[in-house]
Amino acid sequence: MTTRDRLMLIGIVVLAVLLGMWFTTVSPERQRAAKVTAEVEAARQQVATAESEASSATSARGQYSTAYASLVSLGQAVPSSPETPALIYTLDRATHSRNVQFSSITTSASGSGSASATAATPAAATAGFTQEPFTFVFNGSFVDLYKLLDQLEGFTLQTPSGALHVNGRLLTIDSVSLAPNAAGGQSSSGASKAKANQLTATITATAYVLPSGESSLGGATPAGPAAAAAGSSAVATRTPSSGSTTAPALIKASP
Amino acid sequence: MRAVNLIPGEHRQGAGSLTGRSSGAALIVLGMVAGLAVLVLMYGNASHQISSQKGQVASLTAQASAIQARTGRLAPYTSFVSMANQRTQTVAQLVQARFDWSHALHELGRVLPSGTALATLHGTVGPAGATASSSASATPAAGATATSSTPAGSVPVFTLTGCATSQAVVAQALQRLKLMDGAGEVQLQSSTQSAASSSSGGGCGDASFSAQVVFEALPAGPLPSVSTGSAGSTAAAHSGGANEQVSAQGKAVAR
């Protein structure tokens with residue numbers, strides 16, 4: 001073996017040793033370092049996400065009073081229970097402001113009572129709220145009746161600016177039938193011409209209630225939402241009646 | 001005779017080369033040392049990176065956990081605000097999906113010519129393509145994607161019966177009915193010249209007619225951005241008289 005051969009052999013051995021060290025020691029360590037770097041990036045992203053969520057949560061806490069007021073307001077439009085007495089009272093008040101007689105109201109859910117049961121579909125739960133069909137019968141002049149319709153739909157309406165104004169139940173009128181009043185008007189006005197112009201309006205409308213088991217405010221109080229309020233003794237002392245989540249929200253709103 | 005090189009070894013050609021007297025062994029050693037140094041350097045760098053970044057990961061994870069814990073404490077606020085927004089959007093969609101009955105009746109009174117009187121009017125909001133019968137009441141659309149009982153695409157239809165002083169006035173009435181805001185189609189169902197006048201409709205004339213006014217389908221309104229800004233109703237709710245606060249204050253805003 002010549003010197004040149006020996007040198008080549010030594011060089012190959014040295015190269016093999018260096019490559020062996022690279023593959024057995026250095027390269028795995030570098031891979032581990034890359035993995036840890038990725039872990040750092042992931043942790044940074046996790047922190048960024050958590051910070052973003054914390055920011056939105058803080059923002060939500062800032063919006064709480066507005067959201068609470070909105071839900072209290074919407075509790076009138078869409079209550080957690082049918083609240084038919086309140087609806088009757090509301091309709092009666094509305095007819096008093098017009099020269100309209102509130103003759104009857106029929107609900108399909110109860111099914112009993114009035115003989116003038118117009119076909120109204122059973123209460124149907126849809127995607128958001130539960131529908132409560134009603135049939136109302138009013139007596140009045142044409143003008144008074146269409147103004148009454150305006151008033152019924154005006155209980156809950158949206159302004160051109162997009163804001164919701166809630167003054168009562170949200171009603172969707174499904175059908176309106178106008179016919180001459182057979183009795184010639186039952187009001188005690190006495191004017192025969194006015195009696196001749198009396199119409200009977202049969203209105204089928206749909207009111208909405210929250211799905212069963214869902215309350216208007218979800219147990220929230222003016223001080224905070226249910227879970228937050230439960231953890232705060234100060235809140236508990238201020239709102240001692242905040243235990244039930246299914247109680248009508250409007251009652252809970254007034255401490 | 002054997003040739004003898006008299007030039008001293010260190011001065012011979014090639015003796016000053018890189019390999020020198022060791023014939024390249026030194027270079028191999030140097031290369032090995034350099035290679036080892038590079039490998040050690042890379043290994044050390046990677047190890048340092050791992051140790052420092054592991055600490056960084058631990059720190060970031062702890063930071064994320066702390067932020068998430070803080071966010072978790074505010075989660076009830078987030079879900080409450082989300083619920084308020086969702087409910088507001090749903091109510092706004094229901095409000096937007098309604099047919100303006102009052103305006104339609106107002107338009108009807110506006111366009112009917114003199115010499116015409118309506119005996120009955122039956123208006124429904126039904127699914128597109130359905131023709132309204134004189135006795136059918138509107139049925140809330142079961143299984144509709146929207147929660148409204150009059151979902152987008154529903155077609156309002158008025159079925160009118162009445163009388164006119166002559167057939168010419170009936171024709172004029174049909175033309176005029178097309179002028180109603182939102183009226184798409186006016187169909188005459190019948191117009192009968194009666195032998196004996198003043199048989200129906202309050203004795204307005206000889207020709208009794210029946211017609212149907214089909215309105216344009218209810219539009220699919222875009223998802224509104226809504227703010228519930230009913231300070232009055234909110235205050236009313238707080239005072240415990242939410243359901244009794246029915247006033248006409250919203251009407252002026254609505255239309």
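Any read-out appearing in this document is the output of simple, stated calculations on the displayed coordinates, not a laboratory observation. A quick note: this is a predicted structure, and the numbers were derived from the prediction, not measured. Neighbour counts run over all protein chains shown; Cβ positions are idealised from the backbone, glycine included.
What to note about this one:
- Subtracting the Cα-Cα distance of A:S97 and A:I12 from their residue separation scaled by 0.36 nm leaves 19.9 nm.
- Within segment A:6-48, backbone nitrogen closer than 18 Å to the virtual label 7 Å beyond the Cα of B:L30 toward Cβ: A:7-8, A:10-12, A:14-15
- Peptides A:159-167, B:40-48 ranked from most to least packed give A:159-167, B:40-48, packing being the mean of other C-beta atoms within 10 angstrom over each peptide's residues.
- Peptides A:9-20, A:45-56 ordered by average Cβ neighbours within 10 Å, highest first: A:45-56, A:9-20
- Residue by residue along B:57-68, Cβ atoms of other protein chains within 10 Å of the local Cβ number 6 on average.
- Shielding by other protein chains, B:108-118, mean Cβ within 10 Å: 1
- Peptide A:141-149 - average C-beta neighbours from other chains (10 Å radius): 4
- Surrounding net charge for B:V57, when Lys and Arg each add one and Asp and Glu each subtract one, Cβ distance under 15 Å: +2
- Electrostatic bookkeeping for A:W22 treats Lys and Arg as +1 and Asp and Glu as -1; over the other residues with beta carbon under 13 Å from its beta carbon, the sum is 0.
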